[in-house]
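Each remark here refers to the structure printed beneath this line.
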Number of protein chains: 2
Amino acid sequence: MPGGTDMTLRSFLWRAENVFPEREIVSRTHEGIHRYTYAEYGERVRKLASVLDERGYGEGDRIATFAWNNHWHHEAYFGVPCQGAQLHMINILLPDSHIQHLVSDAEDKVVVVDPVMLDKLEGAYDEEAFESVEQFVVMGDTVPETSLEPVTDYESFIADGDPDYEFPDVDEEQPAGMCYTSGTTGKPKGVEYTHKMYWAHTMSIMTGELGITNTDVEMPVVPMFHVSGWGRPFATVAAGAKTVLPGPNPEPADIAALCENEGVTKSAAVPTVWRGLLQYARENDVDLSELEYVLSGGSSTPKGLMRDYRAELDVEIVAGYGMTETTPVTHVAELKPGMEDLDEESRVDVRAHAGLISPGLEMKIVDDEGEELPWDGEALGELLMRGPWVTTEYFNAPEKTEARVTEDGWLRTGDIARIDEDGYVDIVDRVDDLVKSGGEWISSVEVENRIMGHEDVAEAAVVPVEHPTWDERPVAFVVAMEDVEDLEGLEEALRQRVAEEYPKWWTPDVIEFIDEIPKGSTGKFSKKDLAEQYVDDEIRGEVEEAAPGDR
Amino acid sequence: MPGGTDMTLRSFLWRAENVFPEREIVSRTHEGIHRYTYAEYGERVRKLASVLDERGYGEGDRIATFAWNNHWHHEAYFGVPCQGAQLHMINILLPDSHIQHLVSDAEDKVVVVDPVMLDKLEGAYDEEAFESVEQFVVMGDTVPETSLEPVTDYESFIADGDPDYEFPDVDEEQPAGMCYTSGTTGKPKGVEYTHKMYWAHTMSIMTGELGITNTDVEMPVVPMFHVSGWGRPFATVAAGAKTVLPGPNPEPADIAALCENEGVTKSAAVPTVWRGLLQYARENDVDLSELEYVLSGGSSTPKGLMRDYRAELDVEIVAGYGMTETTPVTHVAELKPGMEDLDEESRVDVRAHAGLISPGLEMKIVDDEGEELPWDGEALGELLMRGPWVTTEYFNAPEKTEARVTEDGWLRTGDIARIDEDGYVDIVDRVDDLVKSGGEWISSVEVENRIMGHEDVAEAAVVPVEHPTWDERPVAFVVAMEDVEDLEGLEEALRQRVAEEYPKWWTPDVIEFIDEIPKGSTGKFSKKDLAEQYVDDEIRGEVEEAAPGDR
């Protein structure tokens, strides 16, 4: 075959060790700032890999991490997959029952744990669920008092490893990593990342306007247990950029200090982090002048925050999009040619999109019947994607694979999107949260956001209720502010408020006032519980009677 | 398998058509400037592909081009491989016998020919060699008088094609393209590029300091028949950049006009092109202000030229390296962190290296025994590379594959290189041109360049001559300037000149003055002919007697 050698993570590590041996990895740990070079890093990665090898681990063996972003975690990022085993990054913020599900589903052999997360792991420990675990390894050079066993500390674990260990030739189709979906419905599902998927994703986030290059100082604030830290730890090494790891539960003061002291040029995190940093920068003397841009994803980024960053910090927030199933980044809100001179407001409008699809991928939006919809900035459809870093199979879940992956490799994202003429994608809702009315779709998220924009509303959730003619109609459950007395007046005001912004048939036929919206473990509204608790025959009857006559 | 869908060229074309439909391709043809958008381009690419499909072409069928850089050629770049057939880009500058070898070796089914190259192709035509060819297609909308048959014009050929044609799913390991090595020794050998190799190479040249992005206006002056135009036509489409194609035999005036009129930001070509453009810019009023950098490769770029570009045009020339077997780009002379503020001379020193290896590849230099050598800026060894866009098999030449590709996928480049502590590679010679003396290597190219640096020397070539003790010793054949009378004095001066710069044992023991160095078809020195003509027993005797005593 003429087609070259396999796409594995090895070449990226090799390049950093040899071409950028003096570039640094700076790690904020429970003990303070730790600093070393890629040359030293490489030796320790090889020591870790050789120990795993000696212990007989390899293809099909999952080595789990339970940690914040630090250099030990980073060593596992390359050491585990380059040796041939598979890195399973457990989300440390999950409830105990989910952690148990993950460990038993993945059959983790080793769990490498951040000492600051030891209590949490002990709490989640369950003998049956953790049956596969042969070794706990605590990051650092001491083993704290713990009920977990057998246990050792990381430094002892790798002490006798070989710093010159040569990695085996690993097949590019072999899984290198694994993360679980957050599982808003049902149990979390495993997604595996092959070496080739990581390789392709790594190349991708080194391209384009926002690509990571060797002159960058990159700090992934996004946790390394969130879809491989959005793949940035891999790309930073591949590019030869300096890596900054913000450690346990980083507060705005920590992030600001690292940016200032280490000269961070690019960073990535969820919007909440950027809001916190702005607040901190307003109240303290912080030098963020080296920062070129911050990538914001995971949930939609408010335009007001983007505007404030430009105006107050001269830093650009750029939105992006992706999911556990897509390694994750598929879209970044790059500017297109000719947009350099847009006025501030238009520029923010562009930067707030989920973005343009990355080179190497394909996408489309489709309606209920799977028919492709136009890119006109209006049509709403489910977003489908395919490409080298879009998964085509869930772990241990053939029924989910069948439901979400088409025969020709398209992944049904479950996200409802519109695409404008320029190719910018906006994510408006989850498929499951849509109200399907008369063959058309109503975005429950947009309607509830509109309702929550009213000053007298504390919380609101919109759910579909079945209807004999229209299939489904939206019903809004609203928690009014405590001092509101005229609920009838508020109801009418909310109807008008929705109708002003959206087609009239988007207006909920029934608006019910309740005391509280039921919430799930992560604090998000649980529409499932809401529907079970409140949608009864009385509501269904009201919906049927109130059906919109003017559709 | 979780590993995503195949890496094919389809996604790059799709993205340009849909995300950048209004970006332009500007093509200088025999008829003048032609201009259209990626949307129009995509429709024509699909028409071409559908016609190939209808005619029964597909996997294993090679469609050849014989053309300069124009939009018809560019349509074949995507239309042929996305349909499933294979694009064979014939080097139009080869001698007739080589062209015959290429067409018969590749068994080309269709040859798409530039009208300005029709005479040349007719001259090379040979009934037996061209037996596989079922159709000649002349770019444009008319068929000139020609002896080739059956023949049609390109516009008629695609006229009934389907602009909405959907490309089939092509396997990423399927060959998409093919070029032949220039074959300085023996017949040219075919190198095939799979979809995956092109995909990886495309991503690669979109990364880093010099990566092509959507705001670029990119003009590949390097011919599209030279290793796929160094892969730039693919990356320009993938990035959504504007494409400028300089057409038949572009003169400096043409290149300057396209840069100025189209706002070219990045370009790539051999050093000769850049020398010509500089000369033109000195004598004419040219605006090259949009030009950010030009990539220079194919042969080594003089530092003087680089300095002049910086000083006179404010344009940076950056050297790169690659070969037919590597798709081709493997190295680019990027700056490393901290080099932004280098003084002019040091900066040019960096930019003149073959460069840093690209992320995703691995390399090493090895001695005669295959032992790896250090990166110390001194050790000379053969450069070996491997990675996803480094070929692991020659076409139709198993003996060559065996000689050049190791079992673990390393390609022996045949180039002798040194690597400095920073990872910058310098190519000093071809293995075949080395003089192996007493277990050490002498670079014939460096010695002859040193000799040619003397003002009384017109030409010089250094060849190895066998020696009973030292294996080989260098002999220099020198053509003196016409007015030189004291040849003995010159001989002594040349010896001193070499000894000043290199170890004493690099000095040629015998320096022979001759009238002319024999040259091959491309105008390069033919050392094979030189040795056959001039190295006789007398020379061998002289070499034996003169063996250096001080080694």
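Side notes on the structure shown:
- One residue stands out among those in region A:390-446 that are β-branched (Val, Ile, Thr), open to solvent by 20 Å² or more (accessible area, probe 1.4 Å) and away from chain B (no Cβ under 14 Å): the one that is nearest to residue A:201 (Cα to Cα), which is A:427.
Rundown of residues vs (1) farther than 23 Å from residue A:229 by Cβ; (2) surrounded by 24 or more Cβ atoms within 10 Å (Cβ to Cβ); (3) not assigned by TED's automatic domain parsing to the domain that holds residue A:191; (4) not polar (S, T, N, Q), yes/no style:
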| residue | (1), (2), (3), (4) |
| --- | --- |
| A:298 | no, no, yes, yes |
| A:302 | yes, no, yes, yes |
| A:310 | yes, no, yes, yes |
| A:314 | yes, no, yes, yes |
| A:317 | no, yes, yes, yes |
| A:331 | no, yes, yes, yes |
| A:343 | yes, no, yes, yes |
| A:349 | yes, no, yes, yes |
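- Of the residues making up region B:104-111, at least one is within 14 Å of another protein chain (Cβ to nearest Cβ) and assigned to a helix (DSSP H, G or I).
- The one condition in (1) hydroxyl-bearing (Ser, Thr, Tyr); (2) open to solvent by 10 Å² or more (accessible area, probe 1.4 Å); (3) at the interface with chain A (Cβ under 9 Å from one of its Cβ atoms) that residue B:202 fails to fulfil: (2)
- All positions within region A:95-116 that are in contact (Cβ under 8 Å) with a residue 60 or more places away in the chain and surrounded by 17 or more Cβ atoms within 10 Å (Cβ to Cβ): A:98, A:101, A:102, A:105, A:106, A:114, A:115, A:116
- Being more than 14 Å from chain B (Cβ to nearest Cβ), in contact with a Lys or Arg (Cβ under 9 Å, 6 or more places away or on another chain) and open to solvent by 40 Å² or more (accessible area, probe 1.4 Å) is not true of residue A:30.
- Flag if residue A:384 is over 30 Å from residue A:307 (Cα atoms), within 14 Å of chain B (Cβ to nearest Cβ) and either part of a helix (DSSP H, G or I) or modelled with pLDDT of 95 or more (or both): yes
- Among the conditions (1) in a loop (DSSP other than H, G, I, E, B); (2) within 23 Å of the chain's Cα centre (by Cα), the only one that residue B:377 does not satisfy is (2).
- Where helices (runs of 4 or more DSSP H) fall entirely within region A:263-361, those with at least 1 residues that are within 14 Å of another protein chain (Cβ to nearest Cβ), farther than 30 Å from residue B:198 by Cβ and aliphatic (A, V, I, L, M) are at A:344-351.
- In region A:219-236, the condition of being within 12 Å of chain B (Cβ to nearest Cβ), open to solvent by 10 Å² or more (accessible area, probe 1.4 Å) and either part of a loop (DSSP other than H, G, I, E, B) or among the aliphatic types (A, V, I, L, M) (or both) is met by no residue.
- All positions within region B:243-262 that are open to solvent by 10 Å² or more (accessible area, probe 1.4 Å) and either closer than 25 Å to residue B:389 by Cβ or in a loop (DSSP other than H, G, I, E, B) (or both): B:248, B:249, B:250, B:251
- Out of B:77, B:57, B:41, one residue alone is away from chain A (no Cβ under 14 Å), surrounded by 21 or more Cβ atoms within 10 Å (Cβ to Cβ), part of a loop (DSSP other than H, G, I, E, B) and at negative phi. It is B:57.
- Of the residues B:515, B:537, the single one that is free of Cβ contacts under 8 Å to residues at least 40 places away in the same chain, loosely packed, with under 13 Cβ neighbours inside 10 Å and more than 29 Å from residue B:272 (Cβ to Cβ) is B:537.
- Residue list for region B:386-402, filter: of a type in the set (A, V, I, L, M, F, W, C) and over 23 Å from residue B:331 (Cβ atoms): B:395, B:397
- From the options A:421, A:399, residue that is in a loop (DSSP other than H, G, I, E, B) and over 30 Å from residue A:290 (Cα atoms): A:421
- Of the residues screened, residue B:309 is not one that is closer than 26 Å to residue B:343 by Cβ and under 12 Å from the mean Cα position of the chain (by Cα).
- Scanning region A:158-199 for residues that are closer than 23 Å to residue A:397 by Cβ, open to solvent by 10 Å² or more (accessible area, probe 1.4 Å) and more than 11 Å from every other protein chain (Cβ to nearest Cβ) returns A:180, A:181, A:182, A:183, A:184, A:185, A:186, A:187, A:189.
- Failed criterion for residue B:364 (all others in (1) part of a strand (DSSP E or B); (2) surrounded by fewer than 17 Cβ atoms within 10 Å (Cβ to Cβ); (3) among the basic types (Lys, Arg) hold): (2)
- Filter result for residue A:389 (hydrophobic (A, V, I, L, M, F, W, C), out of contact with any Pro (no Cβ under 6 Å at 6 or more places or on another chain) and not in a strand (DSSP E or B)): yes
The values are calculated or read from the model by the stated rules, or taken from the named source; none is laboratory data. Values in this document were obtained by computation on a predicted structure and should not be read as measured data. In this analysis, Cβ positions are derived from the backbone assuming ideal geometry, glycine residues included, and neighbour counts consider all displayed protein chains. To get the accessible areas, we keep the full protein, side chains included, count just its heavy atoms, and leave off ligands, DNA and RNA. Shrake-Rupley method; radii C 1.70, N 1.55, O 1.52, S 1.80 Å.
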